[in-house]
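Readers should treat all values here as calculations from the given coordinates under stated rules, not as data from a laboratory. What you see is a predicted model, and the numbers here were worked out from it, not measured in a lab. Positions of Cβ are generated from backbone atoms using ideal geometry, with glycine treated the same way; all protein chains shown enter the neighbour counts.
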Amino acid sequence: MCSGPIINLKDMKETSKQEPAVDNKILVVDDDGQMGLVLDLVLHESRFELDYVNDLLSADEYLKKQQPLAVILDNKLPDGYGLDFIVYLKQRYPALKIIMISGFGLAREAALENGADMFFEKPFDLNEFNEAINTLLK
């Protein structure tokens, strides 16, 4: 687990009904707007539509209402760590695919142990990322 500000995942309450999975929707949880633009450019040529939030609380609210195919999750966010959120996501949404992206390569092992399906260290090869996402979400 990471030290630092952590959102209290136990306080997140289910308040809304979740819509069925959208065949091409991916949620991006990252506070770096430029990363969102890059991901949009890379995945635009694929069949995927991206939605964006910049913190864990917003991601939780989004997931209560919509069920994307996958979540692309940064580790260091304003209200906590993606590593901790992976465990929460896998408990609540076991079929959800999780791709962690982080500037800290040391987070790879913990992310995969916590349930992430893939890990990419920033900066990453965009073509490799695109191919991996397409393979994961076939």
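Taking amide H atoms as placed 1.01 Å from N in the peptide plane, list the residues 5 or more away in sequence, or in a different chain, whose amide H sits under 5 Å from that of L73.
Result for L73 returns V29, I99, M100, I101.
From the mean inverse distance of alpha carbon pairs (Kirkwood) and the Cα radius of gyration, derive Rg over Rh for the stretch 19-136.
Dividing the radius of gyration by the Kirkwood radius yields 0.91.
Taking θ as phi - 60°, what are the ³J(HN,Hα) couplings along the stretch 30-44 by the Karplus curve (6.51, -1.76, 1.60), each to the nearest whole Hz, with x for Gly and Pro?
7, 8, 9, x, 5, 5, x, 5, 4, 4, 4, 5, 5, 8, 4
What is the sum of charges, Lys and Arg at +1 and Asp and Glu at -1, for the other residues whose Cβ falls under 12 Å from the Cβ of F104? Intermediate results must be reported in sequence, preceding the final value.
Details: positive: K76, R108, K122; negative: D74, E109, E121.
Cβ neighbours under 12 Å give a net charge of 0.
Need one number: nm distance between label points at A132 and D79, each 7 Å from Cα along Cα→Cβ, rounded to one decimal.
Result: 2.7 nm between the two label points.
Could you check what % of the DSSP bridge pairs in the stretch 19-136 are antiparallel, to the nearest 5?
Numbers: 2 of 21 bridges.
Taking every DSSP beta bridge within the stretch 19-136, about 10 percent pair in antiparallel fashion.
Counting only residues 5 or more places away or on other chains, whose amide H sits under 5 Å from the amide H of D79 once H atoms are built in the peptide plane?
Result for D79 returns L56.
For a label point 7 angstrom out from the Cα of L112 toward its Cβ, which stretches of the stretch 80-104 have the backbone nitrogen within less than 18 Å?
Backbone N within reach: 83-84, 86-87, 97-104.
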